[in-house]
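A quick write-up on the structure given underneath.
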Amino acid sequence: MQTRLPFLVLFWAFANLPTLSERQWKSVLYLLVWFMVGLCIAIGINFLWHFDTIIEGLGRGNPIPVPRSHVRFSLILSTAIISGGWLWQQGFWLRRAWERRALLAAVAFLFVFLHVLSVRSGLFSLYAALLFALLRYVWISKRWLASLAALGLLAAGLWVATETVPSLKMRIAYMKYDWDRFNTKDDGYLYSDAVRWVSLQSGWSLWQQNPVLGTGAGDLLLETKRITAEMFPNYSQEPRLPHNQFIFILASTGLLGLALSFVAFFWPIYYGRKNLLFLAFQVMAFASFLIECTLENAIGVAWFLFYSLWFLSCTQKNPSGNIS
């Protein structure tokens, strides 16, 4: 209940916001970009200072140290990237015209740094949003050749990153190693990615036992522990809730809860269907739901709600600020 409370409160807060000028609400996004640049510089310095230790940790499944949750941090970083790219495309600057060039450099830096962090949730969500934006551009402009070239450039850039960025290479190698151990070795349950796969299978089985109403959100953790012990008797780690928002909803509230959740998610999208930044963010959020239970902690809820409402409400309160 405490985690879900912002879904009630923030809607009222945004509904009562004073009317902001286009420059004011864009400045908030502009501040986000530069704030994340400062944080990433500090994280990068720490990474270089302890390079060998951190790279060794990546080989054991540990993340690069960041403030709080590395998964949620990567999602906020991805949000800063799409926001900064949109501000640059809009020609926004705060005090001097040269800031637009600096903004482009900042977005490029954040984009590269996200690959250095090599957090799968952030990368998957960002590339999903970029692919959506590209497909939307193709649909509107009908410039097939240019769009195909952009898609090829995006794929080539990702391939180059996987071959040249040490932390990303280490992360991919660990994923392959972890998956192989999980499928072929008796000690596969000891590795970090096994937590995800076990949680998904446990959550799916729980839903199959309670397809319409689920187990109930209050009983989900106890039921997860029970079914994990039944399905994976050799699993020695603490059982986790499903690492997928939709399987989490299915397991806890069944098909009824999933149907209501889809209505709650897609209804605002209908009203914001002409808002590119809002739509790109929703694609990013949806992608994160596929590999994380994003809305099951306070940071995830704050990230999803604040930026969803910010992108949507600002254009509604400022009809002259075309965000599409």
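Here, each number is a calculation from the coordinates, and none is a lab measurement. Just so it is clear, the model here is predicted, and its values are computed rather than measured. Here the Cβ is made from the backbone with ideal geometry for all residues, glycine too, and neighbour counts use every protein chain on show.
A few notes on this one:
- Sum of -39500 (n - 2.57) over DSSP H runs of 4+, divided by residues of the chain (222 nm, nearest 500): -25000 deg cm²/dmol
- Stretch in the chain that is longest and holds no trypsin sites (Lys or Arg not before Pro) that DSSP places in a loop and that have at most 15 other beta carbons within 10 Å: 186-272
- Listed by number, the DSSP H helices of the chain that run 15 Å or longer by alpha-carbon position along their axis and have mean Kyte hydropathy of at least 0.0 are 22-49, 70-89, 99-117, 120-141, 144-164, 220-231, 245-271, 276-291, 298-317.
- Shape class for region 193-267: prolate, because the ratio a/c of the largest to smallest gyration tensor axis (alpha-carbon atoms, square roots of eigenvalues) is 1.5 or more and a/b beats b/c.
- The calculated pair-distance distribution of the chain uses every alpha carbon pair, bins of 10 angstrom beginning at 0, and gives 5, 22, 31, 26, 13, 2, 0 percent.
- Between residue 137 and residue 225, the FRET efficiency estimated from the beta carbon spacing at R0 = 45 angstrom works out to 0.45.
- With R₀ fixed at 30 Å, the C-beta to C-beta distance from residue 89 to residue 306 puts the FRET efficiency at about 0.85.
- Length available on full extension from residue 55 to residue 177: 0.36 nm per residue minus the Cα-Cα distance, which gives 42.4 nm.
- Where labels lie 7 Å past Cα in the beta-carbon direction, separation of residue 259 and residue 100 in nm: 5.1
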